[in-house]
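What follows is one structure encoded as structure tokens, with my remarks underneath.
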Amino acid sequence: MKLTTLALSGMLAISTFGSAVVAQDFDSATEIEAAIAAGDLAKGEKVFKKCKGCHKVGDKAKNSVGPQLNNFFAIELGSAEGFKYSQPLLDKKAEGQIWDIEALDAFLKKPKDYIPKTKMTFAGLKKDADRANVIAYLASIQVTE
């Protein structure tokens, strides 16, 4: 299952989608608002602690084992400047895929299923709510330089 952009009273509506959105058909501001509305930022920040060993966020965040994730949500895959991505991820980028709610939900659920041979070793987040909350948290991190 993948998350929809619809949230009612903090409850997620779940639906199945065919594939991630491509760049030319994408409204990032709407997607960011929907992602934030669909999750709990405080809970997302707490769950994100599992990610902090490899990914950095906030002022002066830099690439580490994984890319920094500031302004990460609602952009093309493989967009962190200076990070060396795996070829399978770059192949998805070449298709114009965006880190939207559906793509992130699938990737965070089981990264190696979404992008076979990805360098990311994290097993994934099984709970729908955990993924929704982390997605909301990532969508909220829009750092100005």
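The values are calculated or read from the model by the stated rules, or taken from the named source; none is laboratory data. Predicted model, so just to flag it, every value in this text is computed and none were measured. Backbone-built Cβ (ideal geometry, glycine too); neighbour counts: all protein chains shown.
So, Ala61, is that one surrounded by 13 or more Cβ atoms within 10 Å (Cβ to Cβ), at pLDDT below 95, touching a helix residue (DSSP H, G or I) at 6+ places or on another chain (Cβ under 8 Å) and not polar (S, T, N, Q) or not?
no
Modelled with pLDDT of 90 or more and either of a type in the set (Val, Ile, Thr) or not in a loop (DSSP other than H, G, I, E, B) (or both): is that true of Glu31 in this structure?
It is false that Glu31 is modelled with pLDDT of 90 or more and either of a type in the set (Val, Ile, Thr) or not in a loop (DSSP other than H, G, I, E, B) (or both).
Only one residue in Leu125, Leu108 is touching a Lys or Arg at 6+ places or on another chain (Cβ under 7 Å), assigned to a helix (DSSP H, G or I) and at pLDDT 95 or above. Which one?
Going through Leu125, Leu108 in turn, just one is touching a Lys or Arg at 6+ places or on another chain (Cβ under 7 Å), assigned to a helix (DSSP H, G or I) and at pLDDT 95 or above: Leu108.
Any residue at all in the stretch 39-46 that's surrounded by 19 or more Cβ atoms within 10 Å (Cβ to Cβ) and part of a loop (DSSP other than H, G, I, E, B)?
Yes, because at least one residue in the stretch 39-46 is surrounded by 19 or more Cβ atoms within 10 Å (Cβ to Cβ) and part of a loop (DSSP other than H, G, I, E, B).
Go through (1) on the phi < 0 side of the Ramachandran plot; (2) not in a helix (DSSP H, G or I); (3) not β-branched (Val, Ile, Thr) one by one and return the number of the condition Lys117 breaks.
So Lys117 meets the others, but not (1).
Can you tell which of Phe48, Phe17, Phe26 is out of contact with any Leu (no Cβ under 6 Å at 6 or more places or on another chain), among the aromatic types (Phe, Trp, Tyr) and modelled with pLDDT of 95 or more?
Result: Phe48 is the single residue among Phe48, Phe17, Phe26 that is out of contact with any Leu (no Cβ under 6 Å at 6 or more places or on another chain), among the aromatic types (Phe, Trp, Tyr) and modelled with pLDDT of 95 or more.
Restricting the stretch 96-145 to residues that are of a type in the set (Gly, Ala, Ser) and without any contact (Cβ under 8 Å) to a residue 60 or more places away in the chain, which is surrounded by the most Cβ atoms within 10 Å (Cβ to Cβ)?
In this case the residue turns out to be Gly124.
Each row is one residue, and each column tells you yes or no for (1) among the hydrophobic types (A, V, I, L, M, F, W, C); (2) not in a loop (DSSP other than H, G, I, E, B).
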residue	(1), (2)
Gly66	no, no
Ser79	no, no
Gly82	no, no
Lys93	no, yes
Leu138	yes, yes
Val143	yes, no
